[in-house]
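Engineer: Just passing along the structure, written as structure tokens.
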Amino acid sequence: MTSGSPDASVAPDAQPKRRRLPGINLRPGAVKQARVEAGLSLAQLGKGHVTAPAIYLIETGRTRPSLPTLEHIARRTGKPVEFFLAEPVGAADDAQASLLELEVLVADGRNEDAIALGSSLLDRGTSAFRLGRIRYFLAQAYIGSAQPERASALLADARTHFEAVDDGVMLAECIGAQAALATSLQSKDALALAHKALEVCRSLKPVPPSTEARLLGILAAVHVANREWDEAIDAYRQAIDVGGSVFELRRAARAYSALGVANHETGQVEAAARYAMRAVALLDVLRDRVSLARAENSLAQLLITRGDFAAARELLERGLELTSGPDAESGRSNVLLSLADLATQEGNVDEAYDRAREALAVADRLEEGANVAEAHVWLGRIADRRDEPDEVDREFELAIGGFEAMGMHERLLQCHGIYAEILERRGELAKAYVHMKEALQASRPGLLRREQERLQEEGRLNTA
């Protein structure tokens, strides 16, 4: 090796070239200030997580903490994470843009993309300033992709974050998400969480109507899960009353957006930004049209069960209006499936078929796998009404394949059960028995296999 060449054995960090420190970018002096105010020594602050010398290096800016270490420091000193953070110049706009992108991905149901983006944002120091919202939307993406176990801890951490920074709106939204998650997991905490979310929301001045409507919908869903029908109907009606003001907002949003573009083109950047922010705010409310449509759809399903077909049809027709247009279409297939149900109950098989086919087309276009399978179930049931056995078999085969692919065991059980009843009426008892066994297997995976193994073992013993 020549005398002027660098030693290849020296670690890259030891090279003369200066590198950006890894970890979270902190506001200078923040850690020491928080430690002193909390009356802690270096060792006490790091207790159970990092050493006193490591805390000293963080305080003096010679190293940056990882996200778990910063959260430990925040817990020990009783400060919110935001107290310690300092975003680099220019990073705030990028971080905000990424957060808006994450929110849009979740709203559009693009959960895999949202999970990838949200996970990467959690690892970025420049995005840690918005930890609560990142975790909240990442949790929503996990829930949307049928991974509730990944969402629970994220929502708990997000809730702690919103409480620490006194963000009442997001705290109410977060507790509402916890209530919805608890409902899906059949937890007894769901009702208390739903009421707590509404309590937090209604304590705000002014009360945000879109949040209140969304939380009332969650409360109604909890009552449905508890089979408390009157309470569910009351909560849904409240949600619809509160959320009914979202009509005619598309026109205003487009006007603000156009004004923003016009101002930007004439160089009036600040005015353009104001108009663009108003457009985004209105479009955010427009996204709540989907929540309103879902609440009305759920109420209509209850009314169909009770035989109040006229009231149910009124709600569902309004649901079609709410879900018209590409910006709110994600709830449309649900409404169409409910209309297929209603038409079937009323004996109008042709309308039921048209609605189910339309629902299938919408769900297929929007890649709503669960609703694609549901549409095939309805088309199979309608084909049974029309005495078209080959079509029945084809539609149920597609429905069963769809539910299996998505791992929706409960719905798969119900689908096998419906098909088995149809087969039994047709006199195909052997085939009906096969689907009843499949239904049992779907409800309790491994049960049939264990039962077969037990019978085989008994057979071997008897033979011996």
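The values are calculated or read from the model by the stated rules, or taken from the named source; none is laboratory data. These numbers come from a predicted model, not from an experiment. Don't worry about glycine lacking a Cβ; one is built from the backbone with ideal geometry, like all the others, and counts go over all protein chains shown. What goes into the accessible areas is simple: the full protein's heavy atoms, side chains included, and nothing from ligands, DNA or RNA. Shrake-Rupley method; radii C 1.70, N 1.55, O 1.52, S 1.80 Å.
Engineer: Would it be correct to say that Asp384 is among the charged types (D, E, K, R), open to solvent by less than 40 Å² (accessible area, probe 1.4 Å) and closer than 19 Å to Leu423 by Cβ?
Structural biologist: Details: among the charged types (D, E, K, R): yes; open to solvent by less than 40 Å² (accessible area, probe 1.4 Å): no; closer than 19 Å to Leu423 by Cβ: yes.
Considered against the rule, which asks whether it is among the charged types (D, E, K, R), open to solvent by less than 40 Å² (accessible area, probe 1.4 Å) and closer than 19 Å to Leu423 by Cβ, Asp384 comes out as no.
Engineer: Determine which member of the set Ser152, Ser127, Ser187, Ser210 is part of a helix (DSSP H, G or I), hydroxyl-bearing (Ser, Thr, Tyr) and modelled with pLDDT of 85 or more.
Structural biologist: Ser152
Engineer: Going by what's in this entry, would Val200 be described as closer than 19 Å to Ala311 by Cβ, among the β-branched types (Val, Ile, Thr) and either at pLDDT 90 or above or open to solvent by less than 70 Å² (accessible area, probe 1.4 Å) (or both)? Walk me through how you get there before you give the answer.
Structural biologist: Working: closer than 19 Å to Ala311 by Cβ: no; among the β-branched types (Val, Ile, Thr): yes; either at pLDDT 90 or above or open to solvent by less than 70 Å² (accessible area, probe 1.4 Å) (or both): yes.
Against the criterion (closer than 19 Å to Ala311 by Cβ, among the β-branched types (Val, Ile, Thr) and either at pLDDT 90 or above or open to solvent by less than 70 Å² (accessible area, probe 1.4 Å) (or both)), Val200 does not qualify.
Engineer: Which condition number in (1) within 29 Å of Ala432 (Cβ to Cβ); (2) in a helix (DSSP H, G or I) is the one that Gly347 fails?
Structural biologist: The one condition Gly347 does not meet is (2).
Engineer: Does any residue of the stretch 137-149 turn out to be more than 29 Å from Asn226 (Cα to Cα) and either hydroxyl-bearing (Ser, Thr, Tyr) or not in a helix (DSSP H, G or I) (or both)?
Structural biologist: In the first step, residues of the stretch 137-149 are kept if they are more than 29 Å from Asn226 (Cα to Cα); the result is none.
No, because not a single residue in the stretch 137-149 is more than 29 Å from Asn226 (Cα to Cα) and either hydroxyl-bearing (Ser, Thr, Tyr) or not in a helix (DSSP H, G or I) (or both).
Engineer: Separate question: Quick test for you: out of Leu171, Leu215, Leu198, pick the one residue that is assigned to a helix (DSSP H, G or I) and touching a Phe, Trp or Tyr at 6+ places or on another chain (Cβ under 6 Å). Steps first, please.
Structural biologist: On the way: Leu215 fails: touching a Phe, Trp or Tyr at 6+ places or on another chain (Cβ under 6 Å); Leu198 fails: touching a Phe, Trp or Tyr at 6+ places or on another chain (Cβ under 6 Å).
Criteria check complete, one pass: Leu171.
Engineer: Sticking with this one: Could you please find all residues in the stretch 315-357 being open to solvent by less than 40 Å² (accessible area, probe 1.4 Å), at pLDDT below 90 and among the hydroxyl-bearing types (Ser, Thr, Tyr)?
Structural biologist: Thr323, Ser330
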